[in-house]
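Asker: One structure coming up, written as structure tokens, with questions to follow.
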Amino acid sequence: MNNVHGLIYAYHMHPDLGDLCKRRTAAALPFCVRFRLIDFAMSGMMNAGVPDVDVVMQYGFQSLMDHLTSGRPWNLVRHSGGMHLLLAPVNRGAYGGAMDALDSIYPRLRDDVKRDYILLTRGDLCANIDMRALIEAHYASGADITAVCTTQPIYGLHQSFLPDGNGFASDLLCRQTTPGRGLCSLETYILRREKLLEMIRWCSESNRLHFHRDGLLHMMGNGWRVGLFMHSGYARFITSIQDYYSASMEMLDPIKRAQLFPEERRVATRARSDVSTYYGDAARVHDSLVADGCIVEGRVERCILFNGVRVGPDCSLRDCIIMNNTEIGAHTDLSSVVTDKDVTVSANLHLCGSARLPLVIPKGSCL
């Protein structure tokens with residue numbers, strides 16, 4: 001595993017995430033009480049023993065940098081190598097695609113990275129992939145590149161591979177919007193560094209910006225063999241408010257939560273020390289995830305409460321996601337509401353969204 005260099009795309013700021021990504025990249029989104037989405041990619045590489053990881057950023061990176069700090073939670077603090085946070089060159093426009101992002105770090109990949117293999121993944125992928133097994137499968141297969149796929153339906157924009165029955169792909173279907181033919185790609189790949197550099201050079205010379213429909217399709221047409229590695233656990237891309245809300249509420253299901261947090265592949269994150277949560281005499285909590293440091297004096301049902309949340313007396317919360325340090329005043333009724341961090345909700349308010357269209361309250365708001 002010491003011959004693999006990790007690379008995480010963490011520059012996506014999806015417009016459909018609305019106010020949740022107004023100040024942060026999607027990879028920095030808080031998730032499931034105490035984590036950030038990028039923790040799954042970072043922890044997958046940690047569990048596989050990948051010694052060096054680059055995180056490619058561009059806009060809205062401050063929250064992500066604060067979370068990653070030095071890389072210590074993922075054992076990436078080293079005198080040589082470890083974690084590197086890579087920013088776009090000054091005055092460069094927004095990345096047009098993954099190949100555009102890779103082209104911006106081409107000199108580093110060519111001159112500074114010494115490992116023979118590159119493991120690429122996305123920071124907004126909610127999946128706990130067995131990257132050690134992926135690396136071993138790639139070594140054994142003889143493939144030019146190995147792609148991680150799932151049989152689970154993926155909604156929204158995605159790519160799919162058509163299997164040939166021998167563990168390889170016969171074709172690639174780009175920009176699919178509904179589940180259909182083939183195996184959905186989780187956009188996690190491993191390949192030799194020289195082959196990635198070859199793809200970057202061709203895309204740069206041809207002014208091609210996209211990894212799949214430009215780079216990978218061209219290389220497959222020139223004889224590349226794409227191996228397929230199956231991920232059997234939970235998987236979802238977080239590119240919209242609906243994705244985020246649905247994935248968060250699915251974590252209330254013990255089976256899906258166990259798939260995302262298996263004992264054999266722990267998910268590390270930046271530690272936060274809080275006292276235990278206080279539950280008042282009139283508090284009623286059912287089927288919810290509640291972090292440390294909260295004060296709950298009302299009724300909470302099917303909710304996710306992050307650290308430092310305060311729920312006032314005689315409140316009623318149903319199907320809500322309440323992020324860090326939010327205060328909810330007395331006699332307030334919330335249903336299908338997502339509050340970002342540091343929100344204050346006054347007493348005697350009634351706010352209601354729906355499962356298909358949750359109500360999102362931006363960071364730092366006072367209602």
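Asker: Scan the range 247-269 and tell me whether some residue there is part of a helix (DSSP H, G or I), under 18 Å from ALA355 (Cα atoms) and touching a Leu at 6+ places or on another chain (Cβ under 8 Å).
Answerer: Checking the range 247-269: not a single residue is part of a helix (DSSP H, G or I), under 18 Å from ALA355 (Cα atoms) and touching a Leu at 6+ places or on another chain (Cβ under 8 Å).
Asker: If you don't mind, there's one more thing I want to ask. List every residue pair whose Cβ atoms lie under 8 Å apart, where the two residues are 6 or more positions apart in sequence or sit on different chains, the first residue falls within the range 36-53 and is closer than 11 Å to ASP124 by Cα, and the second residue, located anywhere, is polar (S, T, N, Q) and not in a helix (DSSP H, G or I).
Answerer: Listed pairs, sorted by first residue: ARG36/THR269; ASP39/THR269; PHE40/ASN128; ALA41/THR121.
Asker: Say whether the condition of being over 23 Å from LEU109 (Cβ atoms) and either among the acidic types (Asp, Glu) or in a loop (DSSP other than H, G, I, E, B) (or both) is met by at least one residue in the range 41-52.
Answerer: no
Asker: Just to be sure before I move on: is PHE40 over 24 Å from LYS114 (Cβ atoms) and at pLDDT 95 or above in the structure I sent? Lay out the reasoning, then the answer.
Answerer: Values: over 24 Å from LYS114 (Cβ atoms): yes; at pLDDT 95 or above: yes.
The answer is yes for PHE40.
Asker: Something else about it: Taking the condition of being under 21 Å from MET251 (Cβ atoms) and either over 27 Å from the mean Cα position of the chain (by Cα) or open to solvent by 30 Å² or more (accessible area, probe 1.4 Å) (or both), how many residues in the range 312-327 meet it? It would help to see each step written out before you state the result.
Answerer: Initially, the range 312-327 is screened for residues under 21 Å from MET251 (Cβ atoms), giving 317-326.
Going one step further and asking which of them are either over 27 Å from the mean Cα position of the chain (by Cα) or open to solvent by 30 Å² or more (accessible area, probe 1.4 Å) (or both), we end up with 318-319, 325.
Of the residues in the range 312-327, 3 are under 21 Å from MET251 (Cβ atoms) and either over 27 Å from the mean Cα position of the chain (by Cα) or open to solvent by 30 Å² or more (accessible area, probe 1.4 Å) (or both).
Asker: Another question about this same structure. Tally up the residues in the range 270-291 that are over 23 Å from SER246 (Cα atoms) and surrounded by 16 or more Cβ atoms within 10 Å (Cβ to Cβ), please.
Answerer: First, pick out the residues of the range 270-291 that are over 23 Å from SER246 (Cα atoms): 270-284.
With the extra rule that they be surrounded by 16 or more Cβ atoms within 10 Å (Cβ to Cβ), the set shrinks to 277, 279, 283.
Final tally of qualifying residues: 3.
Asker: Filter the range 333-344 down to residues that are surrounded by 23 or more Cβ atoms within 10 Å (Cβ to Cβ) and over 13 Å from PRO358 (Cα atoms), then give me how many there are.
Answerer: 1
Asker: Let me ask something else about it. With part of a loop (DSSP other than H, G, I, E, B) and either at pLDDT 95 or above or on the phi > 0 side of the Ramachandran plot (or both) as the only criterion, which of ALA88, ALA133, ALA137, ALA143 stands out?
Answerer: Numbers: ALA88 fails: either at pLDDT 95 or above or on the phi > 0 side of the Ramachandran plot (or both); ALA133 fails: part of a loop (DSSP other than H, G, I, E, B); ALA137 fails: part of a loop (DSSP other than H, G, I, E, B).
Within the list ALA88, ALA133, ALA137, ALA143, the selection yields ALA143.
Asker: When you scan the range 183-203, do you find a residue that is assigned to a loop (DSSP other than H, G, I, E, B) and in contact (Cβ under 8 Å) with a residue 12 or more places away in the chain, even just one?
Answerer: no
Asker: Further question: Can you name every residue in the range 90-102 that is crowded, with 20+ Cβ neighbours inside 10 Å and of a type outside the set (A, V, I, L, M)? Give the derivation first.
Answerer: As a first pass, look at the range 90-102 and keep what is crowded, with 20+ Cβ neighbours inside 10 Å: 95, 98-102.
If the condition is that a residue be crowded, with 20+ Cβ neighbours inside 10 Å and of a type outside the set (A, V, I, L, M), then TYR95, ASP100 are the ones that fit.
Asker: Considering only residues that are among the polar types (S, T, N, Q) and open to solvent by 60 Å² or more (accessible area, probe 1.4 Å), look in the range 161-203 and name the one that is farthest from TYR95 (Cα to Cα). Break it down into steps so the answer makes sense when it comes.
Answerer: Restricting attention to the range 161-203, the residues satisfying the condition of being among the polar types (S, T, N, Q) are 166, 170, 176-178, 185, 188.
Among the residues that remain, those that are also open to solvent by 60 Å² or more (accessible area, probe 1.4 Å) are: 166, 170, 177-178.
Numbers: ASN166: 36, SER170: 29, THR177: 22, THR178: 25 Å.
Among residues in the range 161-203 that are among the polar types (S, T, N, Q) and open to solvent by 60 Å² or more (accessible area, probe 1.4 Å), the one farthest from TYR95 (Cα to Cα) is ASN166.
The values are calculated or read from the model by the stated rules, or taken from the named source; none is laboratory data. Computed from a prediction, not measured in an experiment: that's the story for all the values here. Heads up, the Cβs are rebuilt from the backbone with ideal geometry, glycines too, and the neighbour counts pull from every protein chain shown. These area figures cover heavy atoms from the full protein model, side chains too; ligands, DNA and RNA do not enter into them. Shrake-Rupley method; radii C 1.70, N 1.55, O 1.52, S 1.80 Å.
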